[in-house]
Amino acid sequence: MEGKQVLLTGGTGGLGLGVTPAVIKRGAKVTIPYRSENAVERLKQKLSSSEFENIRFVNVDLTNENAISQLIEDMGRVDVLIHLVGGFSMGQLIDYNYEDWKKDFQLNLDTTFLVCKHSLRSMINHGYGRIVTVGSKGAVQPMGGLASYCASKAGVVALTHAIAEEVKDYDNITANCVLPSIIDTPTNREAMGSDQADQWVKPESLGEAICYLASEAAREVRGATLPVYGKL
Ligand SMILES: NC(=O)c1ccc[n+]([C@@H]2O[C@H](COP(=O)([O-])OP(=O)(O)OC[C@H]3O[C@@H](n4cnc5c(N)ncnc54)[C@H](OP(=O)(O)O)[C@@H]3O)[C@@H](O)[C@H]2O)c1
């Protein structure tokens, strides 16, 4: 990824704490869209000052198509898109609020559609591209109480496969998806305690898997759905 222009969404989140350092260490030029200044400060603690100063942080809401289009235009080109943005809410279906359902789809599936659409245009124009999206174990093994999350992440997997099919005729443009189980993030430790944390997948391990899929070496890996489950 040396010298590649990388759009790394969600790079300041819990998973980003493992993925961003892995991408930076490979010599990429990284742009991270963010909203929360506190999350940027938290990421800063994980990086050397020179690594941190090399990241371009742009305040962008990734549910806003015009803002995404502008962001990508300002980048000049996108060689690699790593789309970590996503999230979940819980609830039994019969009590589940339609607004929350739409929010999960917007956060997981709509943002993936929008950033992939605009990044892919740039990739096709420049003849090179790597797209790595983030699904979830729940996308392929759905759980009760997480219907909207599992359904929207299944959509992310299907969308990634569809993109991989669409770009099959381009020599050097690929799209693949990773499926994390529970990630060992500060938020999960806060919510569930640390007793089972040794079973969870480390953000750094996902960083390595993602960086492989985003690398030049993975040019023949297309439409993969890679489980990265730790011990779960
Ligand atoms: N955590 C897990 O156990 C787990 C398990 C399976 C899959 N995953 C998936 O892994 C990915 C990362 O999860 P995570 O734990 O790192 O989540 P997280 O800590 O909540 O981080 C989410 C990131 O997305 C950004 N973001 C959210 N909405 C945005 C928007 N509208 N515009 C721009 N940025 C936005 C956040 O930035 P701001 O803070 O600035 O808003 C943050 O950097 C998600 O796709 C998640 O579904 C997570």
Item to check | Per-region count, the range 138-153, residues more than 12 Å from the ligand (Cβ to nearest atom) and under 15 Å from the mean Cα position of the chain (by Cα) | outcome: 0
Checklist entry - Residue check, Gly129 against (1) within 30 Å of Arg219 (Cβ to Cβ); (2) buried (at least 22 other Cβ atoms within 10 Å of the Cβ); (3) within 16 Å of the ligand (Cβ to nearest atom), all met but one. Which one? => result (3)
Checklist entry - Residue check, Val60 against (1) touching a residue at least 40 places away in the same chain (Cβ under 8 Å); (2) of a type in the set (Val, Ile, Thr); (3) in contact with a helix residue (DSSP H, G or I) (Cβ under 6 Å, 6 or more places away or on another chain), all met but one. Which one? => result (1)
Checklist entry - Taking Met123 and the conditions (1) surrounded by fewer than 23 Cβ atoms within 10 Å (Cβ to Cβ); (2) more than 14 Å from the ligand (Cβ to nearest atom), which numbered condition does it fall short on, given that it satisfies the others? => result (1)
Checklist entry - Is there any pair linking a residue in the range 169-181 that is within 13 Å of Val132 (Cα to Cα) to one that is in a loop (DSSP other than H, G, I, E, B) and of a type in the set (Val, Ile, Thr), with Cβ under 8 Å and at least six apart or on different chains, and which? => result Ile173/Val167; Thr174/Val167; Thr174/Val221; Ala175/Val167; Asn176/Val221
Checklist outcome for this item: In the range 124-155, residues that are in contact with a His (Cβ under 7 Å, 6 or more places away or on another chain) and at positive phi total 0
Checklist outcome for this item: Every listed condition ((1) away from the ligand (no atom under 15 Å from the Cβ); (2) under 29 Å from Ile173 (Cβ atoms); (3) surrounded by fewer than 20 Cβ atoms within 10 Å (Cβ to Cβ)) holds for Phe105 save (1)
Item to check | Positions within the range 155-175 being outside any loop (DSSP other than H, G, I, E, B) and either within 12 Å of the ligand (Cβ to nearest atom) or of a type outside the set (A, V, I, L, M, F, W, C) (or both), in sequence order | outcome: Gly155, Val156, Val157, Thr160, His161, Glu165, Glu166, Thr174
Checklist outcome for this item: Scanning the range 187-215 for residues that are part of a helix (DSSP H, G or I) and touching a residue at least 60 places away in the same chain (Cβ under 8 Å) gives Thr187, Asn188, Pro203, Glu204, Ser205, Leu206, Gly207, Glu208, Ile210, Cys211, Leu213
Checklist entry - Restricting attention to the range 51-96, and to residues there that are modelled with pLDDT of 95 or more and among the small types (Gly, Ala, Ser), which single residue is farthest from Gly13 (Cα to Cα)? => result Gly76
Checklist outcome for this item: Condition set surrounded by 11 or more Cβ atoms within 10 Å (Cβ to Cβ) and more than 22 Å from the chain's Cα centre (by Cα), scope the range 176-199, selection nearest to the ligand (Cβ to nearest atom): answer is Met192
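Residue check: is Val115 outside any helix (DSSP H, G or I) and either touching a Cys at 6+ places or on another chain (Cβ under 8 Å) or buried (at least 18 other Cβ atoms within 10 Å of the Cβ) (or both)? Full working, then the answer.
Values: outside any helix (DSSP H, G or I): no; either touching a Cys at 6+ places or on another chain (Cβ under 8 Å) or buried (at least 18 other Cβ atoms within 10 Å of the Cβ) (or both): yes.
For Val115, the condition - outside any helix (DSSP H, G or I) and either touching a Cys at 6+ places or on another chain (Cβ under 8 Å) or buried (at least 18 other Cβ atoms within 10 Å of the Cβ) (or both) - is not met.
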Checklist entry - Where in the range 1-88 are there helices (runs of 4 or more DSSP H), lying fully within it, with 1 or more residues that are surrounded by 16 or more Cβ atoms within 10 Å (Cβ to Cβ) and within 14 Å of the ligand (Cβ to nearest atom)? => result 16-25, 37-44, 65-75
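The values are calculated or read from the model by the stated rules, or taken from the named source; none is laboratory data. Everything numeric here is computed off the predicted structure, so don't read it as measured data. FYI the Cβ positions are ideal-geometry reconstructions off the backbone, even for glycines, and counts take in every protein chain you see.
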